[in-house]
Amino acid sequence: MGGIGRSVTRLEDPPLLRGQGRFAADIRFPGELHMRVVRSPIAHGRILEIDTADALDSPGVVAVWTGADVAEIPPIDFRQMRIPGLGDYRQPILAQGMVRYVGEPVAIVIADSPYAAEDAAELVFADIEELDPVMTAVQSPGEFAPGLTTEAGVVRKSYGDLPAAFAAAAHVFELELGVGRHTGVPMETRGAIGYWNADLNRLEMHGASKVPHANRLAIAKMLSLPPEQFHLFEGHVGGGFGIRGEVYPEDVLACLAALRLKRPVKWIEDRKEHLLAANHSRDQLHRLRAAVDANGVVLGIEDEFFVDQGGYVRTHASTVTDLTAGMLPGPYRVPAFAATGHIRLTNKTPAGTYRAPGRYEGTFVRERLMDHVADRLGLDRVEIRRRNLIPAEQIPFRRGLDALGTEVVYDSADFAGLLAKLEAGVDLPALEATLAARRAAGEKVGLGLAYFVEKSGLGPFDDVIITIAATGAVEIVTGAASVGQGVETVMAQVAASVLGVAHTDCTVVHGQTDRIARGMGAFASRVTVMTGAAVTMAAEKLKERLLAKAAQLLQGDRASITLDGCGIPLGELAAACAADDGTPALTAEASFTTDHMTYPYGVHLAVVRVDAETFGMVVERFVVAFDVGRSVNPMLVEGQIHGGAAQGIGGALFEEFIYSEDGQPLSASFADYLMPTLNEVPMVESLVLEDAPSPINPLGVKGAGEGGITAAGAAIASAIENAIQYRINIAQLPVTPARLRSMLQQASGS
Amino acid sequence: MKPAAFAYHRPETRAEALALLAEHGEEAKIIAGGQSLVPAMNFRLARPPILIDINAVPGLDGVREEAGQLVIGARTRHATFEKPVTAGPLGTLLARVAANIAHTPIRSRGSWGGSVSHADPASEWCCVTRGLEAELVAESATGRRSIPAADFFQTIFTTALRPDELLAEIRLPLFGPDWHCGFAEYARRAGDFALAMAVVACRVEGGVIREARVGLGGIASTPVTSPEAVAALLGQAPSPALFAAAGAAGAAATDPDGDIHASGEYRQDLVKAMIRRALVQAFA
Ligand SMILES: Cc1cc2nc3c(=O)[nH]c(=O)nc-3n(C[C@H](O)[C@H](O)[C@H](O)COP(=O)(O)OP(=O)(O)OC[C@H]3O[C@@H](n4cnc5c(N)ncnc54)[C@H](O)[C@@H]3O)c2cc1C
């Protein structure tokens, strides 16, 4: 009942469907105050003076603080992937003397209503001397601060003999490829409620998400609180996509204000703030050289790329750059490789991770190269890929690179097998023939595909505590988090499979730092792998105890007893075990640890039609073939694929943060930052495979959170080129109608 | 995204509404569907000290036919037009146009009068109002006047309405069966404000176009007509070549501005295509 492999509906959904969700804005404490952030209207400048007098006089205002009032709070530290030298580029919670992007917090107003706070915030006047902004990461580094350049760091990764590869090459191709500035846009904007709990003599932050335990330590340290005096509580979360739930200035400010004022302080981000202040992502430019032999086999890739980090280096430090370089070669042999990634500061909103960080970009780059080689050598685009794929016999495959501090080892894969299944699944020859016939009749329609390798299940650990009550109810406590992806359902299914109970008898507690000492949270498609493994282990321990107890009570043979066949209700057995232990209920803990990630993979296929008059592009078909090792809940895997594909299509055709030359954001509302809607996204077709279960975790699962997005940009670019029969080289995402028009005009020499 | 403070009135008669406008005109804004005004207030781009909500005023909704005109009450919601409101070619045209305006929730609140009073040059109703040469009827405590569309739209977000005036109705010509009407627009996403749009209406007699109206939107500070496209059409028999020529003539006479979504040149290409497509649709 509801065990692994069943598409059961989500345990999370009833309160959400009934409007009983508790998102950040739904959390209310009596006597709460409201915080409004005053943000820099200038991209780069020196703060001369901030006048808060009028704001302080405004009705309902309790406090107005500027950088001077929080000067003792250190800047926000890194959570992931620190490399030396980045520390000087961290963001203070309120600007200290300099502003570095439009939207940077320069002051906060705390008042008794959100209206009063917003009214007063308008009265804070920051006198800022404007400096020239840096608006591209490609130009040579300038000065960030005295003695510091705008190049915060360089990530280098390589393997193999690159000079030999180029010496042996029949062809050398050079490409310049870029991906625009996008971000994950969760439906729920950020929010943080700082609450001084006088009864428990502790500070609390409600509205937490993604990585509550890490944030607990980080914020406690910044506020000089012992961690025991600070707890985070996750409610419902309306999407994360990598950006929501990191420590941002506003989280620390709300907590600091609650601590100082000893009153609840609530901050709810509005959408305009969200687009200006929450992490941006992507925005990379790659300069690539590839050595290719006469058959189209890639012998070596040398890639130099520039990451537009924005105004500061935030919690992710070098994560995106690291993942871009470490994952770039993908499923292909590529015997020699070198990547150099420059992390450059500009005067835009700071950047971090967004669903498939580094892989969306790197996959675009690598798969564009494959299309380019196919085109130049007159080869079929499927064939070129087949010639370069790592053969199944070479798996497990040591990539020769590291990513997120782990060695990249493709743990299980049949790359060619998946490609063949996709070709058969969509009947590729017939589809190509139909499209060719449509083109012959005058339509501009084409097909593209792109291969990807994802990573998932980042360690180092996940802990789980499972308790079985005398009623038979199973409670699973984990340090993972839920950003809306179905953690409760999936963990209940895993536990139910082992214990032979209904998944509906299991409840899952996550994101509460007072319930479990350690936790890694939810990111990098890690939860089903890591927490799933820990749940399996803890449930197995319990099963052993219960079976032993049953054997004892029945005076039977342990080996021939089963939990559902023994005739003793689970709760009774659990109570008997608890009595032995002298505990109120039967409990087991388990910790799953790993040094390696597990690597799901797949192919995206897109059919795109181009309108010859308007240059509008319509995605007619989008197919994702994705091997996830083992699918705990196929419906949820498909949901992840659909959502990811929608975001991938957004990044390929619509979404882009554009700035004016003087650093003003021109896409700071949904009127200009174009999210794809149902009208722009076709019904995504998915082919979920379980041909390559992971050998490195007890369930064989691989994370499914990101493979829906990874190759979308690459596949769509490929399809557009095919639609217009390769008269242009699509080198930049998003492909907007205006860009397509000017490319076509240039190509036709007009 | 919280509006600045404002006072709120909800008159229940037209006289009361007009009296409030007479008293507060300069300071006040009418709120109808709120689909343009409220976002502007939430961004604090608009901060009217007084709102006069006309949603409780009777007699501002609905359409009727009168003396060869379709009379549209200013508060008639966009969604009303999703099904033809009149039997002739006009009803079909308006239904086609309505489908392009925003999304269902916005269409169920936003009003024709609000759209034209707001005077976004990329608004479909503004394009239709101007292109089909509508008349707009304004009322104030001191009287009622009719304003031709050509005089109504002054520049972006600016109309001929005086601060004490309420727009009461919009009057469109009820085209007879010898008229052919069409509309086309191009937007990045379904429901977005279009990058360019065209509305056309042609009367055909003896196989040739005798009368024509062509309106364009999204390309200048107001909706405009295209006398050049009209000139290309008059006296000609409808044909694909004619439609393309009219598009080219219309586009050549425009000089659209560019923004982050489309350059002026690209918009000009779109004008050409939209006039052509509107004509194809009209004669399909
Ligand atoms: C997401 C989104 C997408 C949209 N997309 C489109 C689109 O594609 N095409 C499009 O045309 N529109 C679009 N709109 C705007 C929408 O159509 C608005 O409804 C319309 O522009 C205004 O009508 P309203 O009744 O809501 O007016 P309100 O917002 O209430 O008022 C708008 C202005 O008109 C004035 N006003 C209103 N009624 C009168 C009156 N009777 N007399 C005098 N002044 C009056 C108000 O004072 C105000 O200045 C969109 C809106 C949103 C939020």
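Nothing in this text is a laboratory measurement; each read-out follows from the coordinates by a stated rule. Remember, predicted model here, so these are calculated numbers, not experimental data. Methodologically, a virtual Cβ is constructed for each residue, glycine included, from the backbone with ideal geometry; neighbour enumeration extends over all protein chains shown.
Order by neighbour count: A:Y115, A:Y89, fewest other Cβ atoms within 10 Å first, most last.
Numbers: A:Y115 17, A:Y89 24.
Ranking A:Y115, A:Y89 by Cβ neighbours within 10 Å, fewest first, gives A:Y115, A:Y89.
Pairs of alpha-carbon atoms within less than 8 angstrom and 6+ residues apart define the contacts here; what relative contact order does the range B:63-173 have, in percent? Mind dumping the intermediate values first?
Values: 196 pairs, mean separation 32.1, N = 111.
Value for the range B:63-173: 29 percent.
Ranked by Cβ crowding within 10 angstrom, fewest neighbours first, how are A:H213, B:H9 ordered? Mind dumping the intermediate values first?
On the way: A:H213 23, B:H9 17.
Final ranking by Cβ density, sparse to dense: B:H9, A:H213.
Say R0 is 35 Å: what FRET efficiency, to the nearest 0.05, do A:R398 and A:K221 get from their beta-carbon distance? Mind showing how you got there, number by number?
Working: r = 37 Å, r/R0 = 1.06.
Computed FRET efficiency for A:R398 and A:K221 comes out at 0.40.
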Study note, to complete from the structure: Env charge @ A:D13, Cβ radius under 15 Å, K,R +1 / D,E -1, value +1
Point to revise | Environment charge of A:A522, counting only residues whose C-beta is closer than 10 Å and scoring Lys/Arg +1, Asp/Glu -1 | key: +1
Review point. Quick one: net charge of A:A152's neighbours, Cβ under 15 Å, K/R +1, D/E -1?
Key: 0
Point to revise | Rounded, prolate or oblate (a/c below 1.5 giving rounded, otherwise prolate when a/b exceeds b/c) for chain A by Cα gyration tensor | key: oblate
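What FRET efficiency comes out for the pair A:A671/A:D161, r = Cβ-Cβ distance, R0 = 60 Å, nearest 0.05? Walk me through the intermediate numbers first.
Details: r = 52 Å, r/R0 = 0.87.
E between A:A671 and A:D161, to the nearest 0.05, is 0.70.
Which of A:C577, A:C506 has the fewest other C-beta atoms within 10 Å, and how do the rest follow up to the most?
On the way: A:C577 22, A:C506 26.
Ascending Cβ contact count within 10 Å gives the list A:C577, A:C506.
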Point to revise | Under 25 Å from the Cα of A:K272 - lysines, other chains or at least 8 residues apart | key: A:K210, A:K348, B:K2, B:K29
Exercise for review: Name the shape class, rounded, prolate or oblate, that the alpha-carbon gyration tensor gives for the range A:157-202, where a ≥ b ≥ c are the square roots of its eigenvalues, rounded holds for a/c under 1.5, and otherwise prolate holds if a/b is larger than b/c and oblate otherwise.
Suggested key: oblate
Practice item. For the range A:458-593, just say rounded, prolate or oblate: build the C-alpha gyration tensor, square-root its eigenvalues into a ≥ b ≥ c, call rounded for a/c under 1.5, and beyond that prolate if a/b exceeds b/c, oblate if not. Key: prolate
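Determine the relative contact order of the range B:7-52: mean sequence separation of Cα pairs under 8 Å and six or more apart, normalised by residue count, in whole percent. List each step's numbers first, then the result.
Numbers: 38 pairs, mean separation 25.9, N = 46.
In percent, rounded to a whole number, it is 56.
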